[in-house]
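I'd like to ask some things about the structure below.
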Amino acid sequence: MVSLYPSRRTVLAAAIGGTALLALPAPLRAQVKIPTLALYGPPAGPSVTLAHAIAAGLFGGIAAATSLTAWRNPDELRAGLTSGAIQLSIAPVQAAANLYNRGFPIRLANVMTNGLLYIVSGIPGVAAIPDLRGRSVAVPFRGDTPEILFTRLLAHHRLDPQADLDITYAGSPIEAMQLLLAGRVEAALTAEPSTSATVIAGAQAGKEIRRAIDLQTAWGEMTGAAPVLPQAGLAIMGPFLDAHGDAMPAVLSAIDTATSQVLADPATAAVHATETLGMPAPLLAASIPHSNLVARPANEARADVERMLAAMSGPEMEAINGKLPDKDFYL
Amino acid sequence: MTKSLGTALAIHTLAVLGLFVAAVALATWNGALWPLDLGFSILVTLVGFGVLVLDWGPVWLGLVIASASLKTTYGRLLLWPLATAAMIGLHAVAGPDRGFMKLDRLGADGTLYLYAIPIALALVLGSLLREAFQVIRRGSMTTTAPPPGVMPRADTRPWHVHTRR
């Protein structure tokens, strides 16, 4: 006959097991998997990390299913975030801060790149921002973070973009690359992976196109701080945090692991990301070493983020709704 | 024996394809375009050709004309190394001013790789133009109009495709 009451031995075993379970770190205690971890990101370096994490199964213990969708421009991201269609996405830090300051329930979980902006040029004399005086420069991303940062750097070196440089605004990074390769401009502002594309195409044509100015380094010299431009990080919307906030340490830990693996083996990571991002694997592989990929918790990166936001937003900080985001912005 | 335009076109297309495959392979190898993505390798190769054509435009036109004016394939084969050497000389003199790498930076193999295949392609194009021109000229010389009021006989070939014996 089977007893309906547990034996003393069963109760003791359950108690020991329960105590051991409670002693486990929080990420390992996550009881229920997230049904679908829908991630979004730009077609650039930081998204390679997420694509690799998915392909390597690093989110396997956290979510039953995972997906990564590349958004094509910041407007698409903003629309997705504000409509609630996007709950987790790599986002420009400035855009996330702006939304936060406007009352959207968005938080920054980490920083995924320390900056991927360069001035490419074939002119031997161009090695620093002041060397751009009198030069023709192609500038894509008009009004977006790269142009704002570039303008701040020019102002710091007392260069007027209208008077001291011959600026040609390009519709896209590809157009900027074409202008440079065709010899119609002497330098171009680019972001990875467009920078790598320009260098590769130049080399194929026998041209000496190089990363003449590392804007991260120039930024560090300007601010007197680390050469870091925390341009993008993982932004999370409030509803996701409410539902699955306890899974976030595990998600961030998986991204941390993925970042190390991507930097150690860019070729494999590029193969993992090529289809999702719609970009050629050799180009992604070439761009990874220059994309300054990191996985810094937002709290740790806060000083760098605030330094960047303060400098790029101007005295009135109108680009981020008039103030720096408070501590609750940083997860 | 004369070749038809179709045969000439097929031979020249094969030559162009062979050269292009070699160019893509070299671009992939020299550019370390790994992991292999054939579409990207082809794109990079075409961009490289495009930049060379844009920068040395009249030179390429001259090469095509020179090739078209030569009567034999042997002549074009002789022209190939000569033109490549001339192009390298031009590069040495005017290339760096146009944003090209200096020869010592390119290296001997890099310089050869940069110009040998594009020049061969220009010579093949010139040869194809010559063939096409000859076929067209042959066609116009053998075309005769029927006398006014005379209709072609039903059991003969059409009157406008007489072939010279």
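Please go through (1) open to solvent by 60 Å² or more (accessible area, probe 1.4 Å); (2) more than 29 Å from A:GLY125 (Cα to Cα); (3) within 12 Å of chain A (Cβ to nearest Cβ) for B:ALA23 and return the number of the only condition it doesn't satisfy.
So B:ALA23 meets the others, but not (1).
Additional query: Would you please name the residue that is surrounded by the most Cβ atoms within 10 Å (Cβ to Cβ), looking only at residues in region A:105-125 that are among the hydrophobic types (A, V, I, L, M, F, W, C) and in contact with a Leu (Cβ under 7 Å, 6 or more places away or on another chain)?
The selected residue is A:MET112.
Also: Quick one: count up the residues across region B:91-115 that are buried (at least 17 other Cβ atoms within 10 Å of the Cβ) and more than 7 Å from chain A (Cβ to nearest Cβ).
6
Is it true that some residue in region A:229-239 is open to solvent by 50 Å² or more (accessible area, probe 1.4 Å) and not in a strand (DSSP E or B)?
Within region A:229-239, one or more residues are open to solvent by 50 Å² or more (accessible area, probe 1.4 Å) and not in a strand (DSSP E or B).
For A:ALA281, work out the one condition from (1) in contact with a strand residue (DSSP E or B) (Cβ under 9 Å, 6 or more places away or on another chain); (2) crowded, with 22+ Cβ neighbours inside 10 Å; (3) small (Gly, Ala, Ser) it doesn't fulfil.
Going through (1) in contact with a strand residue (DSSP E or B) (Cβ under 9 Å, 6 or more places away or on another chain); (2) crowded, with 22+ Cβ neighbours inside 10 Å; (3) small (Gly, Ala, Ser) one by one, A:ALA281 breaks only (1).
So, restricting to helices (runs of 4 or more DSSP H) that lie completely within region A:126-221, which ones have at least 2 residues that are open to solvent by less than 50 Å² (accessible area, probe 1.4 Å), outside the structural domain of A:PRO280 (by TED's automatic domain parsing) and over 28 Å from A:ASP75 (Cβ atoms)?
A:194-204
A follow-up question, please. Go through A:ASP265, A:ASP246, A:ASP256, A:ASP242 for me and flag whichever is within 18 Å of A:ALA55 (Cβ to Cβ), charged (D, E, K, R) and either open to solvent by less than 40 Å² (accessible area, probe 1.4 Å) or away from chain B (no Cβ under 14 Å) (or both).
Testing whether each residue is within 18 Å of A:ALA55 (Cβ to Cβ), charged (D, E, K, R) and either open to solvent by less than 40 Å² (accessible area, probe 1.4 Å) or away from chain B (no Cβ under 14 Å) (or both) leaves just A:ASP256.
Can you tell me which residue within region A:15-39, out of those that are at pLDDT 90 or above and open to solvent by less than 50 Å² (accessible area, probe 1.4 Å), is farthest from A:ALA85 (Cα to Cα)?
Looking at residues that are at pLDDT 90 or above and open to solvent by less than 50 Å² (accessible area, probe 1.4 Å), I get A:ILE34.
Also: Could you please tell me which pairs satisfy a Cβ distance under 6 Å, a separation of 6+ or placement on different chains, a first residue in region B:44-64 that is over 14 Å from A:GLN204 (Cα atoms), and a second residue that is assigned to a helix (DSSP H, G or I) and open to solvent by 40 Å² or more (accessible area, probe 1.4 Å)?
So the pair list comes out as B:TRP60/B:VAL53; B:VAL64/B:LEU125.
Can you tell which of B:PHE40, B:PHE100 is aromatic (Phe, Trp, Tyr), more than 15 Å from B:ALA116 (Cβ to Cβ) and modelled with pLDDT under 95?
B:PHE100
Would you be able to tell me the number of residues in region A:246-278 that are closer than 15 Å to A:LEU39 by Cα and either of a type in the set (S, T, N, Q) or touching a strand residue (DSSP E or B) at 6+ places or on another chain (Cβ under 9 Å) (or both)?
Of the residues in region A:246-278, 9 are closer than 15 Å to A:LEU39 by Cα and either of a type in the set (S, T, N, Q) or touching a strand residue (DSSP E or B) at 6+ places or on another chain (Cβ under 9 Å) (or both).
The values are calculated or read from the model by the stated rules, or taken from the named source; none is laboratory data. Just so it is clear, the model here is predicted, and its values are computed rather than measured. Cβ coordinates were reconstructed from backbone atoms using ideal geometry, including for glycine residues, and neighbour counts include every protein chain displayed. Ligands, DNA and RNA are excluded from the accessible area calculation, which covers all protein heavy atoms including side chains. Shrake-Rupley method; radii C 1.70, N 1.55, O 1.52, S 1.80 Å.
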